[in-house]
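I have placed the structure first, in the form of structure tokens, so that the comments after it can refer back to it.
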Amino acid sequence: MKKNAILLCLFVLTACSPRYVEISRLELSDRIAGAWLGQMVGNIYGLEYENDFIDEPGPGGPYSFEKSIRKMQAVDGAFSDDDTDVEYLYLMMMEKYGVVPTYAQIREGWMYHIRDRVWLANRGALGLMHYGFTPPFTGDKRYNPHWFQIDPQLINEIWGYTAPGMPTYAAGISDWAARITSDSWACSPTIIYGAMYSMAFFENDIPTLIRKAQKYLPKKDRFSIIIDECFAQHKANPDDWHEARKFIADKYYVNEADTTKTIWNANLNGAMGILSLLYGGGDMEATMNIGCSLGFDCDNQTASMCGLLGAIYGRKCVPDNRSMPFSLWKKPFNNRYINVTRYDMPDASIEEIIERTVNLAVAVILKNGGKEIYKNGEIWYKINTKAKFYSPLEFCV
């Protein structure tokens with residue numbers, strides 16, 4: 001993907017969008033809670049089926065997730081995984097350095113906190129960091145042999161839901177963050193996810209949300225073409241996802257070019273995320289079951305899409321039987337997020353993570369031309385929808 005084409009898309013969309021939208025702090029908090037809880041639910045539900053359904057799809061669900069339940073019981077809460085722990089790291093870095101850390105600061109955070117349980121493009125990027133490279137060269141296809149893999153779309157959603165109602169900004173910063181690990185068309189799903197998460201605070205129609213986000217990619221972008229194919233398959237078979245899954249799997253896995261053919265291909269798995277959204281119809285339980293059944297690296301897109309639904313509908317849409325499987329738990333995941341994956345990162349209460357993220361979202365709003373206002377004794381935020389992302393000025397090697 002050529003950067004000037006992306007910039008042209010961002011310019012056109014910024015020029016056409018309304019100037020301001022408003023949201024109350026209570027609503028903002030509820031949607032961000034939904035985003036975090038949705039990601040945790042989708043991740044933990046799909047984790048047991050990661051890479052299980054390749055040649056054929058899964059049976060359709062509902063699925064048992066006994067291993068995850070035992071692990072939740074052992075830690076008495078939610079446990080970290082690569083679908084949420086890098087975003088938790090980014091939360092900490094945004095608090096430490098400001099809402100847009102530099103690539104150099106992100107490199108420092110990665111090298112200190114990420115020491116194991118890292119794969120594919122993330123692992124390639126981390127290795128390059130230890131060899132002295134800084135982003136975006138750590139994701140450059142000339143140096144990172146895994147540049148085309150799934151990694152960026154599952155670790156960067158936080159840039160979208162800390163930019164509510166600012167999709168141009170969210171698409172820009174998501175692209176910038178994706179290039180820490182990846183390059184070219186592998187960054188496109190991350191851009192789409194970032195824009196969708198940002199728009200989810202003000203748009204609840206799933207097809208409309210996808211189509212609006214799609215405009216942040218050039219028309220000839222590989223993933224944009226895939227989105228069109230997903231819609232065409234859904235239109236042809238609106239009540240059965242099997243043919244759509246077969247079409248995508250045949251084209252982007254079975255017949256994918258040998259150099260980029262893996263079960264973790266970014267566009268392949270991004271397509272499965274789009275299909276789970278379209279066929280899930282806005283219902284989180286259905287989206288989880290379809291997302292798992294579509295297969296490949298299914299926990300990742302299931303986590304991302306359930307987080308998106310949480311941003312659309314708030315915490316109420318997260319199924320209690322999935323987030324509170326034990327009778328003694330009175331809050332989702334017992335209000336505990338336990339770090340089991342990253343070095344020297346603290347455990348935290350989930351409500352605390354949510355509140356900290358709300359504070360960051362407010363900082364992003366205010367930094368980008370928004371205002372804090374009061375209505376009927378409540379705090380509201382007036383959001384500049386035309387906000388654009390400007391990457392920090394720095395020297396990268």
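Pulled fully out, how much extra length does the chain show between Asp258 and Lys67, if you take 0.36 nm times their separation in residues and subtract their Cα-Cα distance? Walk me through the numbers on the way to the answer.
Working: separation 191, 0.36 × 191 = 68.76 nm, distance 3.42 nm.
Answer, rounded to one decimal: 65.3 nm.
At 7 Å along the Cα-to-beta-carbon direction for both Asp347 and Ile54, put a label point, then send me their distance in nm to one decimal.
3.6 nm
Keeping all protein chains in place, calculate the accessible area per residue for the stretch 344-397 (probe 1.4 angstrom), answer in Å². Working shown, then result.
On the way: 2960 Å² over 54 residues.
Per residue, the stretch 344-397 has an accessible area of 55 Å².
Using the Cα atoms of the stretch 111-165, I'd like the radius of gyration and the largest Cα-Cα distance, Dmax, both in angstrom.
That works out to 12.3, 39 Å for Rg and Dmax.
Which of the three applies to the stretch 78-157, rounded, prolate or oblate, going by the alpha-carbon gyration tensor with a ≥ b ≥ c and a/c under 1.5 meaning rounded? Could you put the intermediate results ahead of the total?
Numbers: a/c = 1.70, a/b = 1.22, b/c = 1.40.
Verdict is oblate for the stretch 78-157.
Helix-only mean residue ellipticity at 222 nm, the chain, DSSP H runs n ≥ 4 weighted -39,500 (n - 2.57), per residue, nearest 500. What is it?
-16000 deg cm²/dmol
How large is the direction-averaged shadow of the alpha-carbon convex hull of the stretch 248-355, in nm²? All intermediate terms of the calculation are to be shown ahead of the outcome.
Values: hull surface 34.8 nm².
Taking a quarter of the hull surface, the average projection is 8.7 nm².
In the stretch 155-193, which residues have a backbone nitrogen under 20 Å from the label point lying 7 Å from Glu372's Cα in the Cα-to-Cβ direction?
162-166
So for each of 240-252, 147-159 I average, over its residues, the number of other beta carbons within 10 Å; can you give me the resulting order with the highest mean first? Before the final figure, lay out the partial values.
Numbers: 240-252: 18.4, 147-159: 28.8.
For the peptides 240-252, 147-159, the packing ranking is 147-159, 240-252.
Once you have all Cα-Cα distances for the stretch 183-332, histogram them in 10 Å bins from zero and send the whole-percent values.
Going out from 0 Å in 10 Å bins, the stretch 183-332 shows 11, 42, 34, 11, 3, 0 percent.
Given R₀ = 22 Å, what would the calculated FRET efficiency be for Tyr131 paired with Glu95, taking r from the Cβ atoms and rounding to 0.05?
Numbers: r = 28 Å, r/R0 = 1.29.
Efficiency, from the Cβ-Cβ distance: 0.20.
Cα-Cα pairs above 32 Å in the chain: how many percent? If you can, show how the numbers build up before the last one.
On the way: 21314 of 78606 pairs.
The proportion of pairs with Cα distances above 32 Å equals 27 percent.
The values are calculated or read from the model by the stated rules, or taken from the named source; none is laboratory data. Because the structure is predicted, anything quoted here is derived from the model rather than measured. Reconstructed Cβ throughout: ideal geometry from the backbone, glycine too, with neighbour counts over all protein chains shown. Keep in mind that these areas ignore ligands, DNA and RNA; they rest on the heavy atoms of the full protein, side chains included. Shrake-Rupley method; radii C 1.70, N 1.55, O 1.52, S 1.80 Å.
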